[in-house]
Amino acid sequence: MPKVMATPASDGRRRGRRVSTTLSEINVIPLVDVMLVLLIIFMVAAPMLQKGVEVNLPVSRRADKMTDTRTYVTVPVSYRKDRRVFIDEESVSIDVLGERMRQLMETDDKRSVYVRGDGAIQLQDLMDVFGRLKTAGVEKVGILAQERRDR
């Protein structure tokens, strides 16, 4: 509701009335519009920010949950062609896997590694990786699997 205010003149006579409005409520519609646009941008951008190696883990009837952080060696399907594995997120040739693991095991007290092998990898390929890990000084090698979901 506009207010009518009288403005006194400096020489004593009245000049007229001035109408002013008071801001009694805040318009939140532009704020909501901006927030919804930002939400949509982050929802679209978030899946693109996820990095990693695409691996289809083999399934098991019972798989235990992991609680602490360890070193992961991932053997992707492309291992047969390029002979490369991933130490966490770093791509490494199988020939230098032993040296890289020796460097990592110098600071690790538990000397254990988890191997994530794709379901299409042959057992001989996994045994080759296991052998190189053992010669590098890794004492415990674990194999990761997904729990089988009953349909």
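The numbers here are math on the coordinates, done by the rules we state, and not lab data. Note that this is a predicted model, so its numbers are computed, not measured. A quick note on method: Cβ atoms are made from the backbone with ideal geometry, for glycine too, and the neighbour counts reach across all protein chains shown.
Below, the figures for the structure above:
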item	result
Cβ-derived FRET efficiency at R0 22 Å, MET127 paired with GLU99, nearest 0.05	0.65
Per-residue Cβ neighbour rank within 10 angstrom, fewest leading, ASP118, ASP95	ASP95, ASP118
Burial order of peptide ranges 131-144, 32-45 (average beta-carbon count within 10 Å, highest first)	131-144, 32-45
Label-point separation in nm, THR107 to ASP88, each point 7 Å along Cα→Cβ	0.7 nm
